[in-house]
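The values are calculated or read from the model by the stated rules, or taken from the named source; none is laboratory data. Owing to the predicted nature of the structure, the values given are computational and were not obtained by experimental measurement. Using ideal geometry, Cβ is built from the backbone for each residue, glycine included, and neighbour counts are taken over all protein chains shown.
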Amino acid sequence: MVDFDLDDVDVSNIETFDTDAFNKKVIEEFRANAGKVGGVMAGKNTLLMTTIGARSGQPRMNPAGYLPDGDRLIVMASNGGQDRHPSWYHNLKANPELTIELGADTFEAVATEITGPERDELYARAAAVEPALAAYETRTDRKIPVFQIVRKNK
């Protein structure tokens, strides 16, 4: 059991933030509440993605915010604006097949990185919904990657 409440989380200093503990709590709440999460994540579109570790070959689960876009889900590899990509970015580049938990639904999917003008348009749309994304772009010199996730066999 994670020993904090999502209502009490301070994410203002991403460099000292305990991401692993936070992710565990989000996953716990997500699964206990059919995809609903409280605290700083309350009301946000949240999914759980299970990727295969690029180096380990082991399953790795991470919560992520997403932008619904027709039959696809759009996720930003923002990593809170840090100068390095989140681990799941490397996992998806090595193996784009993943498992998604969305609400009470679980399905297999494929992720594809989106680049160019389409990436920019989707990032801007996501930042309009989640203003923190706009701030993340100012914290780093890297261009934050954007992925589309599409359900397999649809």
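Taking strands (runs of 3 or more DSSP E) as the structural unit, those lying wholly within the stretch 37-154 and holding at least 3 residues that are closer than 21 Å to Asp18 by Cα and polar (S, T, N, Q) correspond to 46-52. So which residues in the stretch 31-53 are modelled with pLDDT of 90 or more and either basic (Lys, Arg) or more than 12 Å from Gly65 (Cβ to Cβ) (or both)? Across the stretch 31-53, the qualifying residues are Thr50, Thr51, Ile52, Gly53. Entry remark, the stretch 132-154: residues being more than 18 Å from Thr51 (Cα to Cα) and within 15 Å of the chain's Cα centre (by Cα) number 4 in total.
None of Thr106, Thr46, Thr51, Thr112 is among the polar types (S, T, N, Q), surrounded by fewer than 17 Cβ atoms within 10 Å (Cβ to Cβ) and closer than 18 Å to Val146 by Cα except Thr112. Pairing each residue of the stretch 84-101 that is surrounded by fewer than 17 Cβ atoms within 10 Å (Cβ to Cβ) with any residue that is acidic (Asp, Glu), provided the two are 6+ apart or on different chains, yields C-beta distances under 8 Å for Lys93/Glu113; Glu97/Glu108; Thr99/Glu108.
Of the numbered criteria (1) at pLDDT below 95; (2) charged (D, E, K, R); (3) under 16 Å from the mean Cα position of the chain (by Cα), the one Arg125 fails is (1).
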